[in-house]
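The values are calculated or read from the model by the stated rules, or taken from the named source; none is laboratory data. From a predicted model like this one, the values you see are computed outputs, not experimental measurements. Cβ placement follows ideal geometry from the backbone for every residue including glycine, while neighbour counts extend to all protein chains displayed. SASA here: full protein model, heavy atoms, side chains in, ligands and nucleic acids out. Shrake-Rupley method; radii C 1.70, N 1.55, O 1.52, S 1.80 Å.
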Amino acid sequence: MIWQGSHTHVEQDFQPTGFALLDEKLQGGFPKHGVIELQSPSGIGELRLLTPHLRRSLAKGLVVFIHPPGYVCPDHLYAEGIDPDQVLLVYPKSAQEALWTAEQCLKSGACSSVMLWHGELEIHQARRLQVASETGDCLQFIFKQTHASQDDNNVISLPVSLSLKLTAHPVGLNITITKRKGDGLTARLS
């Protein structure tokens, strides 16, 4: 038998996102572990998209926020069913410290999800986070801020498990699945 790239086995181990239509488009939900890139303008509801996942994942370990762009309100987390005592906020002094912190949290086995706000990741950095995520069986979310004038053709494709592009919509979010490990799926969810 001749192996072809289209015959690559993809592990079908998913976690529900909390949104039935998104789970359907992702053919199961978020991966069990790996790196998920969220490209969006800041403050359009990107955390609201992850709230159901975070709420369910607390039983498995801490949720870590690394270098969030604004104030993370404990009262809001509590109102959303997320115990603030299970959330760790980290404000590193540099981008390098942020990456080191994310990698250590991912590998530790004590965390269920690591949220990282980071400007530009290099390919080797994304690979390190992917390996650390698999080691600690933890999911890494990378928030990458985009601008309306940004040209998608100049964006480097990172080796991530899933990449979603989020845009504002009057009643929520438009979600475009731009990359998913294991296949060439591109879908749009409104």
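Taken along the Cα-to-beta-carbon direction at a fixed 7 Å, the label points for Val171 and Ile44 span 1.8 nm.
Of the three principal axes defined by the Cα atoms of region 57-163, the extents in descending order read 41, 32, 27 Å. Pairs exceeding 21 Å between alpha-carbon atoms, taken from Lys107/Lys165; Lys25/Lys179; Lys60/Lys93; Lys32/Lys179; Lys144/Lys165: Lys107/Lys165; Lys60/Lys93.
The figure for Leu62 is an accessible area of roughly 50 square angstrom, using a 1.4 Å probe on the protein chains alone. Taking a ≥ b ≥ c as the square roots of the eigenvalues of the Cα gyration tensor of region 60-110, is the shape rounded (a/c under 1.5), prolate (a/b larger than b/c) or oblate? Because a/c hits 1.5 or more and a/b fails to exceed b/c, region 60-110 counts as oblate.
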